[in-house]
Amino acid sequence: MDYLTNLSPPARCLIGGDINVRHDAFEPGAVNLHRGGELVQWASEHGMDFVGEIGVPTHAAGHVIDLTFSNVAFASTTVRQDLHCGSDHQSMITMLPTTPQTQLSDARIKITDSQLEPFADLVRGLMVDMPCPEGVGNVAQLDDLAQHFTQSLLAAAQAVSKPAQQGRTTAPWWTADCRRAHRELTTHQTEAAKHQFKDAVRKAKRAYWRQVINEARDGRDLYRVVAWHKLEPNLRAPPLVIGDQVIEETAAKAEALQQAILKRYNSADDLEYDPLDDEHWSGMGSYTTAASGSATSHEPGNWQSFLTERRAQVRLEGTTTAAHQMQCSTPQGSPLSPKLFLLYLAELLWQNSELRFGYADDLNIWRATHSLDNNATLLRQDIQSILMWGEINKVAFAPEKLEMIHLTRKRHNEAPAVVVSEDLTVHPVTAPAGQEPALRWLGVHFDRRLTWRPHVSTRAKKARAVAQHIRSLGKTRDGPPADALRKAVTTCVVPSLLYGTEAWYGGRTQPARHTGRSGEVSSRLGWHGGTVEKVLTMAARGVLPVFRTTPIATLYRDAGLPSAMVALEEAKMRFATRLQVVDEKHPLASRIAPPMITRGRGAGTRQRSKTKIQRLGALLPAVNRPTLAIPHYSEGCGTDPTEGVDKKSAAQAFKKWWRSQPSTDLYVFSDGSERSLDNSRQVGYGFIVYQGNKQLASFSAALSPMSHVFDAEAVGACRALECAVKLLPCVTEDSSNPQIWLCLDNTSVIWGILGSAAASSNWAYNRCHELLRQHNVGLKWAPGHMGIEGNEEADRLAKRAVSSTAAPAYGLEATPTVSGVRTVAKQLSQEARRKWWSGACGRLSDWYRGWSFSRPTVEYQVKAPPELTMPRHALHRWLALRSSHGDFSWYHRRFQHADARLTCVCGHNKSPEHLVLCRHSQRHFLHWPKRPAARPHNRATAVAYLGSLTPTDFVELLDCTQFYTRYCTR
């Protein structure tokens with residue numbers, strides 16, 4: 001009431017709601033209660049008239065407490081008995097006179113799948129009169145052709161698309177029962193009719209959404225199901241106030257936004273002259289594009305479309321304005337964006353690269369001293385210098401967006417602010433009572449003592465909301481398929497939950513901080529892991545149709561989801577792999593190796609690892625880092641090397657091509673091989689060089705055991721090409737210029753040589769790119785193991801390189817490759833997964849561990865089990881048999897379910913194996929899938945038969961026996 005009576009309403013204003021006051025001004029004979037007199041006085045002073053029906057009750061108790069005030073002429077509010085929805089408040093309608101709304105063009109045209117065929121027929125008919133494109137002779141004719149084509153498509157789309165509905169639409173869940181109950185409510189308005197109407201609406205909504213959810217079959221259907229969670233509100237945007245003008249109409253608001261935003265700058269705001277006219281190169285031709293493209297005032301011809309003749313429209317609530325010609329500003333993602341960065345932020349970063357770093361248009365400044373006051377003083381000087389630089393270079397900053405936090409291990413709460421000037425003071429970030437302040441930078445929340453609890457709590461809160469939504473969709477019998485929900489968990493919950501783990505997780509243990517202690521100590525991340533575990537457990541329960549008492553370890557195994565420990569270890573391995581594959585100039589690469597000891601004991605050696613990056617950088621073997629280079633394109637890089645031909649036909653064509661080629665050209669064949677020997681991987685390559693049909697050279701060598709056959713193929717191609725280049729002077733005649741043909745059977749390597757280099761064996765691809773630029777080299781696909789002489793000989797040499805008598809690798813070949821290191825990281829992740837499962841499986845029942853379900857052992861893998869494709873009701877029975885947490889007699893006795901049915905209709909107690917022991921099921925024995933030789937007669941034979949069934953067989957068994965639907969019901 002204080003807010004309302006102190007409000008100064010603008011023109012054309014409407015105020016209404018459950019105000020709950022009484023006064024005889026709108027309820028004759030009522031006593032002034034709850035400050036009703038103040039409300040009437042405020043309305044009189046501000047010209048706000050009561051537009052409701054005087055004396056007509058708006059509440060079931062018989063009083064007028066839902067009030068509406070307005071200064072709009074002819075506004076009125078009436079009580080509508082026919083719209084009564086069972087509430088204790090009456091339904092009311094407010095009518096406001098408005099001016100006719102101008103309907104502008106609507107760019108949204110939707111064509112459903114059923115309308116595609118008539119749309120194609122219309123387009124085909126409209127294209128009959130279109131001139132032939134081959135007869136186009138000039139630009140004007142081409143424009144006419146494009147306009148005719150566009151108009152034909154638009155006319156066909158408008159003809160078949162469904163027109164927008166202008167009237168009211170019925171809710172999809174509204175049924176005949178709801179209509180009948182509502183008619184009864186509006187007629188009698190009794191308590192019984194009210195309850196009957198609400199009950200009918202609840203049942204109709206529940207049935208409708210259950211049907212929609214159950215009909216979801218894949219990820220696309222599931223997205224359609226959850227799309228209602230993000231529906232746009234039906235309420236219109238509030239009036240737009242610009243200066244003293246209040247704009248209410250949607251079209252007028254769109255036009256005002258266009259005027260205020262898109263037209264706030266024009267050519268009059270530009271400089272009077274261009275100071276760079278005398279400083280840059282003028283365009284001199286296509287051969288100077290790369291050089292002159294770096295000049296700010298010169299743009300290559302292909303970039304002009306990003307910056308010239310640009311138009312923009314404003315769309316608001318389905319209304320679209322006319323296109324407006326843009327005179328200023330640049331679009332996001334244009335080629336000019338990196339140049340603007342070089343002109344502005346790059347100079348700030350270069351001024352002090354140790355204390356300043358940034359990402360995109362965000363700048364971070366940090367200082368480290370032994371005093372917070374000294375830090376504040378230094379930061380004040382840094383901010384002042386940046387603002388002064390911006391003032392000199394006409395660069396505007398947003399000081400109101402500045403945020404600051406003090407990082408310290410001390411437990412005091414001292415946090416001095418940074419006083420930059422009289423008008424600017426940067427205060428440390430704050431948080432509500434009971435929460436720890438944290439600074440958000442690139443999605444990671446940094447708290448004062450770097451405990452990372454605020455960050456983990458924030459990420460868990462976001463992921464928990466999605467997990468709860470997924471759990472609300474999946475029930476024990478109803479809901480989407482489990483594999484679709486699992487996909488939603490792996491794509492929405494897990495990435496959101498684990499975002500930023502690189503900053504806070506380096507393992508459950510770490511080296512002791514004090515130099516006097518040796519060994520590993522706890523990282524004190526138990527709370528963090530427990531928080532992650534709770535969210536993942538909730539997500540797993542949403543995927544599987546199981547009872548809430550099902551052991552947590554079985555949830556992860558049956559859903560194919562990682563536990564908290566497994567997920568964090570996998571994230572750690574991914575980060576450790578990334579540390580090995582980033583470019584050598586990457587900021588992380590220089591922080592991997594610990595500093596050197598310069599004096600005293602151990603001088604000349606490196607200090608022990610102290611940071612997470614140092615520990616994880618030493619977790620995997622070092623590799624020859626890939627080089628960060630611009631994409632490589634050569635002739636044929638976008639063409640499939642196989643040309644869509646099968647191997648047999650391609651081999652015959654290759655042999656014919658080789659016989660027809662000049663005998664002076666060089667033909668190089670290379671191949672790779674890999675095999676396991678004594679639990680060790682052996683990798684090698686071999687190549688052979690021909691001139692015509694004459695062998696000139698051959699070679700084979702081994703690679704590092706931490707590599708794969710893909711690396712052997714790439715390195716072999718590189719060494720073979722180098723050998724052919726060295727042989728060129730020896731085989732070249734004075735007047736001839738033979739071509740080198742590199743013939744490979746691995747299409748992936750061909751893609752990497754013609755296109756951009758792969759990360760693994762990157763140095764070999766870069767060397768091939770260099771040789772391709774310097775010499776006349778062609779690539780040819782030679783299908784492997786198809787009787788091609790050169791390929792078979794290279795394959796024999798590669799197999800000799802991986803034999804037990806082969807010489808060990810040396811040079812670059814002895815260096816582990818990226819693919820080999822990734823395999824090591826995968827093995828370490830698998831080891832962490834096996835370690836967690838061995839500990840968790842030991843706490844499970846013997847009954848669960850005894851089930852195999854067509855597998856030799858109940859293993860734990862982070863991938864979708866095949867049973868998740870089963871119908872949800874069948875999957876519930878499948879998982880209940882395995883965990884024994886289901887509709888069984890022991891389960892109901894254990895949890896004291898007094899109203900549960902403990903026996904089957906045959907009189908025996910409900911048990912997991914009773915599915916095939918019941919006499920009603922054995923009546924259909926001849927139709928059982930994978931029918932055994934004899935009927936199961938005891939627990940052992942029943943479990944043996946059930947364990948041999950695949951998910952498909954189990955569904956067939958349920959459909960055949962109808963055991964749970966007819967005999968053993970709940």
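Laboratory data are not the source of any read-out in this text; all were calculated from the coordinates shown. No experiment lies behind these values; they were computed from the predicted model shown. Here the Cβ positions follow ideal geometry from the backbone for every residue, glycine too, while neighbour counts run over all protein chains shown.
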In straight Cα distance, which aspartates and glutamates are under 16 Å from Lys203, not counting same-chain residues fewer than 8 positions off?
Asp177, Asp478
Mean Cβ-within-10 Å packing, highest first, puts peptides 718-731, 200-213 in the order 718-731, 200-213
MRE, 222 nm, helices only [DSSP H, n ≥ 4, -39500 (n - 2.57), over the chain, to nearest 500]:
-12000 deg cm²/dmol
Under 30 Å Cα-Cα from Lys110, which lysines qualify once same-chain neighbours fewer than 8 residues away are excluded?
Lys162, Lys205, Lys230, Lys253, Lys487
GluC sites (Glu not before Pro) restricted to the range 592-682 and DSSP loop, no more than 10 other C-beta within 10 Å
Glu635, Glu643
For Arg183 and Glu354, compute 0.36 nm times the residue count separating them, minus their Cα-Cα distance, and round to one decimal in nm.
54.1 nm
Correct choice for P(r) over Cα pairs in 20 Å bins from 0, in percent that was computed from the model, options [x] 13, 30, 24, 19, 11, 3, 0; [y] 12, 39, 35, 12, 1, 0; [z] 8, 24, 38, 24, 5, 0:
[z]
Sort 865-877, 149-161 for me by packing, meaning the mean count of neighbouring Cβ atoms within 10 Å per residue, highest on top.
865-877, 149-161
Run the numbers on the chain and let me know its relative contact order in percent, using alpha-carbon pairs under 8 Å that are six or more apart.
7
Return the distance in nm (one decimal) between the two label points of a simple spin-label model at Trp851 and Val426, each offset 7 Å from Cα along Cα→Cβ.
5.9
Pseudo-spin-label distance His63 to Lys205, built 7 Å along Cα→Cβ, given in nm, is 2.8
For the range 858-970, what does the relative contact order come out to in percent, with C-alpha contacts under 8 Å and a separation of six or more?
28
The value for the range 344-433 (convex hull of the alpha-carbon atoms, volume per residue, Å³) is 124
With each pseudo-label sitting 7 Å past Cα toward Cβ, what's the Lys610-Arg217 distance in nm, one decimal?
6.1
Taking 0.36 nm per residue of sequence separation and subtracting the Cα-Cα distance, how much length would be gained by fully extending the chain between Leu153 and His785, in nm to one decimal?
222.4 nm
Over 24 Å between Cα atoms: which of Lys475/Lys863; Lys655/Lys726; Lys534/Lys910; Lys401/Lys610; Lys339/Lys394; Lys572/Lys610 fall into that group?
Lys655/Lys726; Lys534/Lys910; Lys401/Lys610
Taking a temperature of 10 °C and a viscosity of 1.306 mPa s, what whole-number D in µm²/s does Stokes-Einstein yield for the range 887-967 with Rh from Kirkwood over alpha carbon pairs?
119
The range 417-473 to the range 780-802: how many Å between their Cα centroids?
59
Long-range tail of P(r) for the range 647-815 (Cα pairs > 22 Å, %)
40
Anything in the chain that counts as a DSSP H helix reaching 27 Å or more along its axis (C-alpha) with Kyte-Doolittle mean of at least 1.0? List them, would you?
709-731
Which length gain, in nm to one decimal place, applies between His195 and Leu116 when the Cα-Cα distance is subtracted from 0.36 nm times their residue separation?
23.8 nm
